[in-house]
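Computed from the coordinates by the stated procedures, all read-outs in this text should not be read as laboratory data. Predicted model only: the values in this text are computed from it and were never measured. We place every Cβ from the backbone using ideal geometry, glycine too, and count neighbours over all the protein chains shown.
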Amino acid sequence: MAIEDTEDPAMAGGMRAGELRIDLPGGFDAQIYFIGRIRTPWSLRAECPRQGDSVSGPICTIEVDPRWRDALKGIEGNERLQILYWMGQARRDLVLQTPRGQPPIGTFALRSPARPNPIASSFVSLLKIDQLTLTVRGLDCVDGTALVDIKPVYPRSGSVG
């Protein structure tokens, strides 16, 4: 069931005029393993940049859980990585969103963290690896964000393998 916001956004759970939310399903279809944590300079969502900058953004670290140590073998040969992470503070019930100063638009047409499955993706520059810690540039998430996956970006095609 869709529910449109017609009240003051401050009183409607953070919704802006024109936004539309739905009732979420009663259960989940799948499970995921968090494979580590991301360390950034931002403690609040409002402090995070809108999209990371892999060239001039601040240095951040990715701490991989020790059980995944062997999964890092060979990653040092990649200058660019795609990092997938869980935006745990994001809303999950919006189907229409109103970006500041714009008309409402569908969630799947935006890179907003508010989505049914708040999985974010950033392409980062890998600066160094020290055992289970990857030093990177290009993230845009709150300190302590759960790490979902790491994928290489192949330079020849720009694709993720």
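Answer yes or no: is there a residue in region 90-97 that is of a type in the set (D, E, K, R), closer than 22 Å to residue 153 by Cα and surrounded by 15 or more Cβ atoms within 10 Å (Cβ to Cβ). No, because not a single residue in region 90-97 is of a type in the set (D, E, K, R), closer than 22 Å to residue 153 by Cα and surrounded by 15 or more Cβ atoms within 10 Å (Cβ to Cβ). In the condition set (1) in a strand (DSSP E or B); (2) acidic (Asp, Glu); (3) more than 17 Å from residue 38 (Cα to Cα), residue 63 is compliant with all but (3). When residues in region 74-107 are screened for being under 19 Å from residue 31 (Cα atoms), not β-branched (Val, Ile, Thr) and not in a loop (DSSP other than H, G, I, E, B), 3 of them pass.
Only a single item in (1) touching a helix residue (DSSP H, G or I) at 6+ places or on another chain (Cβ under 6 Å); (2) free of Cβ contacts under 8 Å to residues at least 40 places away in the same chain is not met by residue 74, and it is number (1). Can you say whether residue 40 is more than 16 Å from residue 139 (Cα to Cα), buried (at least 16 other Cβ atoms within 10 Å of the Cβ) and β-branched (Val, Ile, Thr), as far as the supplied structure shows? Answer is no for this residue.
Checking each residue in region 108-154 for being free of Cβ contacts under 8 Å to residues at least 40 places away in the same chain, loosely packed, with under 15 Cβ neighbours inside 10 Å and either among the β-branched types (Val, Ile, Thr) or part of a strand (DSSP E or B) (or both) picks out 121, 128, 130.
In region 49-71, of all residues being of a type in the set (Lys, Arg) and in contact (Cβ under 8 Å) with a residue 40 or more places away in the chain, the one that is farthest from residue 133 (Cα to Cα) corresponds to 50.
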